[in-house]
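Participant: Okay, here's the structure, questions in a sec.
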Amino acid sequence: WMARGSPDWLLLAAHAILIGTGALALRYAAKHTRRAIGQGVLTVLVIALMVGRSPEASRPFGPTLEPINPATMDALAADIDQQTTPGDAVITALPFSTLRWMDTAPEHVPDYGVVAGAPAAVARLPYLETITTRHERVWLVTEGLVKGDADDGVGQWLTAHGYVGVTTAVADFRVTPFYFPPPLPEPQPVGQTYLDGRIVLQAFAAHSADRTVYVRLDWQVTEPVQQPLVVFVKVLTPQQTLVAQHDLEPVNAYLPFDRWQPGETVTIRRALELPADLPAGEYWLFTGLYGPDVTLLPQDASGETYLLLTPLQIP
């Protein structure tokens, strides 16, 4: 009833009275026998009230939810076990399935629990800084499939400080890797514009290590942009065969284009995992934009939809 916002006031009052009468009884029982007897009678009545109201207290805590399917949690644990490697960590924000997760979580992966939906001001804690200092890759596991949740302070903090990997959905859970590599090289200027100069890709930086490509893109809007747009980053072969891609609204969907202020520069960080069996050689890194109907936006100058950022040498 606490989560529903309708507490059982009679039961709470009974507890308060019981605590108060117990304290008074301890103080006056030795000197005031009659008062102690009266307090004893009142205590019996209060206990009777508590017993009578106990069905209210026995109701499930929190909103009414469907029981968690053990097979669903097993699938989540198997996915984490398959994707993680030594040195990784898991941050779980599972308010309604924490106990089930504790029973099924892979034992070899460090697991850090956080308060789901913590506001951004609370999420900026040394706790998260310590985790991301110890582990170069952290997997955030959350309940529900909603992306860009404004109340997800933990996800926002990880997005602001790390490189966002590709999110996967496992039943009713979202699993997102965040990478914390050493600093990338200084961004290189680009100056490519879209939508008649309303959107500008100012600069980029890229680096590949251990079959992971890290990309930083600095974007700016010069005028308000109302339409929702997706920023894509792709790795292609010289023959234009797709190797890896990452399509997502800006800042892990926490800050779409229509919320940007003119003149504001927003940094987008992405991480792309390359296939383990990818042959060594040269590959190309591209970026671009597309709208809600997956229509690619042309560049203002050339009309091309794919912007080549840099070639990549993969050992």
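Since every read-out is calculated from the coordinates, none of them should be taken as a lab result. A quick note: this is a predicted structure, and the numbers were derived from the prediction, not measured. Every residue, glycine as well, gets a Cβ built from its backbone with ideal geometry; the counts of neighbours run over all protein chains shown.
Participant: So for each of 75-81, 107-113 I average, over its residues, the number of other beta carbons within 10 Å; can you give me the resulting order with the highest mean first?
Facilitator: Values: 75-81: 17.9, 107-113: 13.4.
Descending packing order for the listed peptides: 75-81, 107-113.
Participant: Additional query: Report the residues of region 156-185 in range of a label on residue 74: point 7 Å along Cα→C-beta, backbone N strictly under 12 Å from it.
Facilitator: It comes to no residues whatsoever.
Participant: Sort 259-272, 242-255 for me by packing, meaning the mean count of neighbouring Cβ atoms within 10 Å per residue, highest on top.
Facilitator: Working: 259-272: 16.4, 242-255: 18.3.
Descending packing order for the listed peptides: 242-255, 259-272.
Participant: Residue 237 to residue 184: FRET efficiency via 1/(1 + (r/R0)^6), r the Cβ-Cβ distance, R0 25 Å, to the nearest 0.05? All intermediate terms of the calculation are to be shown ahead of the outcome.
Facilitator: Values: r = 23 Å, r/R0 = 0.93.
In this case the efficiency is close to 0.60.
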